[in-house]
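Colleague: A single structure is presented below for examination.
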Amino acid sequence: SLRLGVSRTPVREALRQLESDGLIEYVPRKVVVVRGITQEMAAEIFAIREALEVAAIPFIVQRITPEEIEELYKLIEESEGLMEGSSVTEFLSVAKRFNDTLIQASRMPHIIKLVETYQGYQHAFRRVTLSKTLRKPSALQEHKAILKAVEARDAELAEKLMRQHLKAAREEYLTASR
């Protein structure tokens, strides 16, 4: 807390949260061990993400506005412009804005809150998967296909495409993190 210039309370709260997430472990004599994300934990988080985001699709299809669709297409265009020569951080930022805009269109506050709970993990996973040259173009094509299905109000197709997109991301992450 001294090094960060904050009181001990927020540091303790952060450590408790990390412990409850299974990312750190206290051992005797007040030592903290960082555990990291295991393959099993990553697979579970991807399963949770899939369940939440696929469950949101019918609501997104019903409730998305023309303005949100337009914003999503702009984000896809921005992503296309970042395919060559941009930093992974820039591409990740646009990908996150796309995912956030899409899930917000569901107008389902509890689903949105649960998805936000896993944002830290998702960012770490995206950093690994989207830093791969081959994953960026396929992720972008998957986003385009999902958006077209949502725009066409085809919930069944959008759900199928979302599952495929998340499965591809999961497989890429699990392969890259071995």
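Colleague: Can you give the FRET efficiency for Glu171 and Phe59, using 1/(1 + (r/R0)^6), R0 = 25 Å, r = Cβ-Cβ distance, to the nearest 0.05?
Modeller: 0.40
Colleague: Along the charge dipole of segment 1-160, pointing to its positive end and built from +1/-1 on Cβ of Lys, Arg, Asp and Glu, which listed residue (Val94, Thr129, Ser106) has its Cα farthest out?
Modeller: Result: Thr129, furthest along the dipole toward the positive end.
Colleague: If you take P(r) over Cα pairs in 10 Å bins from 0, in percent from the coordinates, which of (i) 8, 24, 28, 19, 9, 5, 3, 2, 1, 0; (ii) 9, 33, 32, 18, 7, 1; (iii) 12, 43, 33, 8, 3, 1, 0 do you get?
Modeller: (ii)
Colleague: Need one number: nm distance between label points at Ser86 and Arg178, each 7 Å from Cα along Cα→Cβ, rounded to one decimal.
Modeller: 3.1 nm
Colleague: What dipole magnitude, in Debye to the nearest 20, does segment 45-145 give about its Cα centre under +1 on Lys/Arg Cβ and -1 on Asp/Glu Cβ?
Modeller: It comes to approximately 400 debye.
Colleague: Order these peptides, 83-91, 38-46, 139-147, by their mean beta-carbon neighbour count within 10 angstrom, highest first.
Modeller: For the peptides 83-91, 38-46, 139-147, the packing ranking is 139-147, 38-46, 83-91.
Colleague: While we're on this one: Determine the gain in length on full extension of the stretch Thr38-Val11; use 0.36 nm per residue of separation and subtract their C-alpha separation, reporting nm with one decimal.
Modeller: Answer, rounded to one decimal: 7.3 nm.
Colleague: Give me the net charge of Ala105's neighbourhood, meaning all other residues with Cβ under 9 Å from the Cβ of Ala105; Lys, Arg count +1, Asp, Glu -1.
Modeller: So the environment of Ala105 carries a net charge of +1.
Colleague: Would you mind working out the magnitude of the charge dipole of the chain relative to its Cα centre, with +1 at each Lys and Arg C-beta and -1 at each Asp and Glu C-beta, to the nearest 20 Debye?
Modeller: So the dipole magnitude of the chain works out to roughly 860 debye.
Colleague: I want to check a number: in the chain, how many lysine pairs have alpha carbons closer than 18 Å, given a sequence separation of 8 or more or different chains?
Modeller: 15
Colleague: Sort 2-12, 105-115 by the packing proxy (mean of other Cβ within 10 Å over each peptide's residues), most packed first.
Modeller: 105-115, 2-12
Colleague: With unit charges on the beta carbon (Lys/Arg positive, Asp/Glu negative), name the residue among Val61, Ala152, Gln164 whose Cα is farthest towards the positive pole of the charge dipole of the chain.
Modeller: Gln164
Colleague: Would you please classify the overall shape of segment 1-103 from the alpha carbon gyration tensor, given that a ≥ b ≥ c denote the square roots of the eigenvalues, rounded means a/c under 1.5, and beyond that prolate means a/b larger than b/c while oblate covers the rest?
Modeller: It comes out prolate by the Cα gyration axes.
Colleague: Hey, what angle do you get for helix 135-151 against the long axis of the chain, alpha-carbon based, 0 to 90 degrees rounded to 10?
Modeller: That helix lies at roughly 60 degrees to the long axis.
All of the numbers you see were taken from the coordinates with simple rules; none came from a lab. All figures in this text were calculated on a predicted structure; none of them were measured in a lab. Neighbour counts run over all protein chains shown; Cβ positions are idealised from the backbone, glycine included.
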